[in-house]
Amino acid sequence: MPLVIRPRTDADLPALGTVLVEQQAASGYPHREPLPMSPEDFVAREGTLATWTALLDDEPVGHIAVLPVLNPAVSREPDLSRLWMAGHGLPAERLAEIGVYFTATRVRGQGIGAALMRTALDHVAALGLAPCLDVIPTGSAVELYRRTGWREVGSTRPAWLEADAPDVVAMVLPTGS
């Protein structure tokens with residue numbers, strides 16, 4: 001059966017929570033072990049602008065979300081907001097964060113992550129917003145982002161970051177990329 005990318009539903013959450021935990025050892029994402037919440041609550045963040053599930057044979061195998069970037073005065077991570085704002089030269093309300101992005105280990109290399117990212121970036125563009133993300137510079141994710149046009153705009157230590165982890169890299173994708 002072909003790959004299907006569709007808006008996430010609450011019915012997807014148990015399977016996506018399982019996928020999130022399963023892929024964590026290979027990807028290092030999420031960067032907290034154990035999570036301070038259930039995997040389903042980690043995936044189902046409040047305040048998202050949009051979320052999608054990737055399905056193969058009607059089975060959830062990946063996820064991505066678009067989140068608002070908050071003004072540093074009200075953001076839980078004001079340094080990330082400031083870096084993204086400076087990187088794009090835009091106010092927070094003109095930005096969107098790509099996050100809660102993962103695929104099952106068994107489907108890596110099949111283009112599922114790329115399809116999820118295209119879906120999210122198309123949505124961000126349709127909203128007239130500029131895309132941002134953060135990444136821990138371990139594993140292959142940061143190199144993949146660099147190869148696909150994302151630009152580093154700084155690094156910071158968010159409150160949630162484990163003490164032994166490297167700083168989080170803030171990245172922006174120049175519009176038109």
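The values are calculated or read from the model by the stated rules, or taken from the named source; none is laboratory data. Bear in mind the structure is a predicted one, so any value in this text is a computation, not a measurement. No Cβ is skipped: glycine too gets one built from the backbone with ideal geometry, and neighbour counts run over all protein chains shown. When the accessible area is computed, the model is the full protein with side chains, heavy atoms only, and any ligands, DNA or RNA have been set aside. Shrake-Rupley method; radii C 1.70, N 1.55, O 1.52, S 1.80 Å.
Here are the numbers:
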| quantity | calculated |
| --- | --- |
| Total residues in region 138-177, condition open to solvent by 30 Å² or more (accessible area, probe 1.4 Å), in a loop (DSSP other than H, G, I, E, B) and modelled with pLDDT under 90 | 11 |
| Qualifying residue in region 3-26 (condition: under 21 Å from PRO137 (Cβ atoms), open to solvent by 80 Å² or more (accessible area, probe 1.4 Å) and over 16 Å from the mean Cα position of the chain (by Cα)) | yes |
| Residue list for region 133-177, restricted to those being over 21 Å from ARG32 (Cα atoms) and of a type in the set (A, V, I, L, M, F, W, C) | LEU144, TRP150, VAL153, VAL172, LEU173 |
| Residue list for region 90-113, filter: touching a strand residue (DSSP E or B) at 6+ places or on another chain (Cβ under 7 Å), within 18 Å of ILE5 (Cβ to Cβ) and either in a helix (DSSP H, G or I) or not aliphatic (A, V, I, L, M) (or both) | GLY99, TYR101, PHE102, THR103, VAL107, ILE112, GLY113 |
| Leading residue by the ranking (most open to solvent (accessible area, probe 1.4 Å)) among those in region 27-58 that are not aliphatic (A, V, I, L, M) and not in a loop (DSSP other than H, G, I, E, B) | ASP41 |
| Region 85-107, subset among the charged types (D, E, K, R) and over 17 Å from PRO158 (Cβ atoms), residue least open to solvent (accessible area, probe 1.4 Å) | ARG94 |
| VAL124 being under 24 Å from ASP10 (Cα atoms) and either surrounded by 20 or more Cβ atoms within 10 Å (Cβ to Cβ) or in contact with a Pro (Cβ under 6 Å, 6 or more places away or on another chain) (or both) | yes |
| Flag if LEU116 is of a type outside the set (Val, Ile, Thr), touching a strand residue (DSSP E or B) at 6+ places or on another chain (Cβ under 7 Å), at pLDDT 95 or above and within 18 Å of VAL168 (Cα to Cα) | no |
| Any hit, region 73-86, residues being in a loop (DSSP other than H, G, I, E, B) and modelled with pLDDT of 95 or more | no |
| Cβ pairs under 7 Å, 6+ apart, first in region 125-148 and at positive phi, second outside any loop (DSSP other than H, G, I, E, B) and at pLDDT below 95 | GLY139/SER27 |
| Verdict on ARG82 being among the charged types (D, E, K, R), free of Cβ contacts under 8 Å to residues at least 60 places away in the same chain and open to solvent by 40 Å² or more (accessible area, probe 1.4 Å) | yes |
| Residue match in region 61-73 (condition: hydrophobic (A, V, I, L, M, F, W, C), closer than 19 Å to ALA26 by Cα, free of Cβ contacts under 8 Å to residues at least 40 places away in the same chain and open to solvent by 20 Å² or more (accessible area, probe 1.4 Å)) | no |
